[in-house]
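One structure below.
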Amino acid sequence: MKILDKYILKTFLTTFASVFVILFFIFILQTVWLFISELAGKDLDFILIIKFLLFSMPNIVPMVLPLSILLASIMTFGDLSENYEFAAMKSAGVSLQRAMKSLVLFILILSVAAFAFANNVIPYSQYKFTNFRRNIAQVKPAMAIAEGQFSEVGNYTIKVDKKSGENGRLLQKITIFKKSVLGIGNTTVIKAQSGELMSNESSNILQLIMYNGSQYEDIIPKNYMDRNKVPFAKTYFKKYTVNMDLSKLNKSNDDDGQDINTNKMLNLKELRYTLDSLNKNYNKSIISFTENIHQRSGITAIERPQTETAIDTSKTEKVKPISTPSNLLTLFDVTEQLKIIDVAKSNIIGANFTISNTKEELAYMEKNINGHWVSVYDKFVMAYACLLMFFIGAPLGAIIRKGGLGLPIVFAVLIFITFHFVNTFGRKVAEENGISAFLGSWMSSLILTPLAILLTYRATNDIGLINIDVVIQPIQKLFAKLFPQK
């Protein structure tokens, strides 16, 4: 490797490492802020918090790595241009492509490493992160209930004035609001002087044993007039046990507001196997639905009986066609007509209900398949994004001729926000069956690739970022024609 290649590579690596560490730290703070409700006031020790952050760190790399490459490229080549080092290289016969040679090789290696990271490390960390969030309340049951505030666990909203004992298992002055079956209002209120939390790491059930308390339950009378009296039942108890389902804990903090998709926890091999099974199940569901609807319709194929001897049509008499009325119901009396109409109505309603439910089920299955395909393409998009951001940042830095943390940050943030917004929008639309999974995943790359080609071309040919003459010259010619000089 020549001295020039070593110098450029060293300059880029120094800038890239500094930018990566700073951005990584910023995104870690964002992660802490997003999950602050799970960390603050839950009596978690330092080791559990470190594990929580370690499991979440790999999920930040897909955002930090392309942005770091983009910003480092702009800063490095902007500094070289601002200090006239590129001018010296060009005077010595070194072109921009030759100056980028060592960095292109490094970015290619980094892209392969990014693909391997996205295919192996991120799925494993996502699996550990998800299970850690679900199991942390089993290891530390007191985490599910914060002291001095309302905590929602499953169908219960719990408030505890004070926690004590080992891992905060002992509770004082407990107030519980139990949601109704229909999810409207709180119909049951439980108060107790003390209680104890019991859990098992192999179970998703958290037991809350309460002592010396009472339960208030609203009673809804059948008579509407009696409801104005607001009757309720009050029960005293010395010991009362409530079982809470921890599988729903922190469900509202998921990325999509629903159950966590397992496609983010799979590598390429596992995704291909899963997609094969999902496609087979999808096709079986379609075939089963069509056969079911066909049987419900009552339409069967009529086979024409085959005869061994041919019939001489010339000797047979012509059979007059039977005239059928325009309305078949007229063949029946009024009572039978009503029965036939009722049966037809019930069949139509049942068929429409089946079609509607099956349509929703097939849409969910298709959405699940698209989500898995998006996860497949995301691994390749991350590797390609490293190359794309370099070929945008390096020529852009050479064109604007500004280094440091001023103008390069502005360009880098604008470009990366565009990339991230389009990428997120495309993935969401693809998962909702709006567009294909391939187009949704690669939309941002397809939009920014022409920009990378244009910037590389303009930087190679020493053309500025915006050629003002292209805009000004036609206007000058127009004015020259309108106002000719005398």
(message) Could you check segment 1-16 and list, in sequence order, the residues that are under 14 Å from Val94 (Cα atoms) and open to solvent by less than 40 Å² (accessible area, probe 1.4 Å)?
(response) Asp5, Ile8
(message) Return the residues of segment 389-415 that are in contact (Cβ under 8 Å) with a residue 40 or more places away in the chain and over 21 Å from Tyr457 (Cα atoms); say none if nothing qualifies.
(response) Gly404, Leu405, Leu407, Ile409
(message) Consider segment 234-283. How many of its residues are at pLDDT 80 or above and small (Gly, Ala, Ser)?
(response) 1
(message) Can you tell me which condition Glu291 does not meet? The list is (1) at pLDDT 50 or above; (2) more than 22 Å from the chain's Cα centre (by Cα); (3) of a type outside the set (A, V, I, L, M, F, W, C); (4) exposed (fewer than 10 other Cβ atoms within 10 Å of the Cβ), and all the others hold.
(response) (4)
(request) Among residues belonging to segment 419-440 that are β-branched (Val, Ile, Thr) and assigned to a helix (DSSP H, G or I), point out the one that is surrounded by the fewest Cβ atoms within 10 Å (Cβ to Cβ). (result) Thr424
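Of all residues in segment 68-96, count the ones that are open to solvent by 10 Å² or more (accessible area, probe 1.4 Å) and either touching a His at 6+ places or on another chain (Cβ under 6 Å) or β-branched (Val, Ile, Thr) (or both). It would help to see each step written out before you state the result.
Here is the first cut: in segment 68-96, the residues open to solvent by 10 Å² or more (accessible area, probe 1.4 Å) are 71, 75, 79, 81-96.
So of that shortlist, the ones also either touching a His at 6+ places or on another chain (Cβ under 6 Å) or β-branched (Val, Ile, Thr) (or both) come out as 94.
The number of residues fulfilling the criteria is 1.
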(request) Consider only pairs whose beta carbons are under 7 Å apart and that are at least six residues apart or on different chains; among these, list those whose first residue lies in segment 370-388 and is farther than 11 Å from Leu268 by Cβ and whose second residue is not in a helix (DSSP H, G or I). (result) Asn370/Asn433; Gly371/Asn261
(message) For segment 198-219: of the residues being over 30 Å from Asn131 (Cβ atoms) and under 42 Å from the mean Cα position of the chain (by Cα), which is modelled with the highest pLDDT?
(response) Gln215
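Taking the residues in segment 180-197 that are among the aliphatic types (A, V, I, L, M) and surrounded by 13 or more Cβ atoms within 10 Å (Cβ to Cβ) as candidates, determine which candidate is modelled with the lowest pLDDT. Reasoning before the result, please.
Initially, segment 180-197 is screened for residues among the aliphatic types (A, V, I, L, M), giving 181-182, 184, 189-190, 192, 197.
When the remaining residues are screened for being surrounded by 13 or more Cβ atoms within 10 Å (Cβ to Cβ), the result is 189-190, 192, 197.
Values: Val189: 86, Ile190: 88, Ala192: 89, Leu197: 80.
Only one residue tops the list, namely Leu197.
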(request) Say whether the condition of being under 21 Å from Val64 (Cα atoms), touching a His at 6+ places or on another chain (Cβ under 8 Å) and at pLDDT 80 or above is met by at least one residue in segment 439-462. (result) yes
(message) With the requirement that a residue be over 22 Å from the mean Cα position of the chain (by Cα) and open to solvent by 50 Å² or more (accessible area, probe 1.4 Å), what does segment 348-363 give you?
(response) Ile348, Ile349, Asn352, Phe353, Ile355, Ser356, Asn357, Lys359
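Could you tell me whether any residue of segment 128-137 is within 30 Å of Lys173 (Cβ to Cβ), open to solvent by 40 Å² or more (accessible area, probe 1.4 Å) and modelled with pLDDT under 85?
Looking only at segment 128-137, we keep the residues that are within 30 Å of Lys173 (Cβ to Cβ), and these are 133-137.
Subset that is open to solvent by 40 Å² or more (accessible area, probe 1.4 Å): 134-135.
This time we only want the ones that are modelled with pLDDT under 85, so: 134-135.
Within segment 128-137, one or more residues are within 30 Å of Lys173 (Cβ to Cβ), open to solvent by 40 Å² or more (accessible area, probe 1.4 Å) and modelled with pLDDT under 85.
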(request) Considering (1) within 17 Å of Ser151 (Cα to Cα); (2) under 34 Å from the mean Cα position of the chain (by Cα); (3) modelled with pLDDT under 80, say which one Phe177 fails and leave the rest. (result) (3)
(message) Restricting to segment 426-446, count the residues that are in contact with a helix residue (DSSP H, G or I) (Cβ under 6 Å, 6 or more places away or on another chain) and either within 18 Å of Ile392 (Cβ to Cβ) or among the aliphatic types (A, V, I, L, M) (or both).
(response) 7
(message) Name the single residue that is modelled with the highest pLDDT among those in segment 138-153 being more than 14 Å from Ile174 (Cα to Cα) and open to solvent by 20 Å² or more (accessible area, probe 1.4 Å).
(response) Lys140
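The values are calculated or read from the model by the stated rules, or taken from the named source; none is laboratory data. Just so it is clear, the model here is predicted, and its values are computed rather than measured. Using ideal geometry, Cβ is built from the backbone for each residue, glycine included, and neighbour counts are taken over all protein chains shown. What goes into the accessible areas is simple: the full protein's heavy atoms, side chains included, and nothing from ligands, DNA or RNA. Shrake-Rupley method; radii C 1.70, N 1.55, O 1.52, S 1.80 Å.
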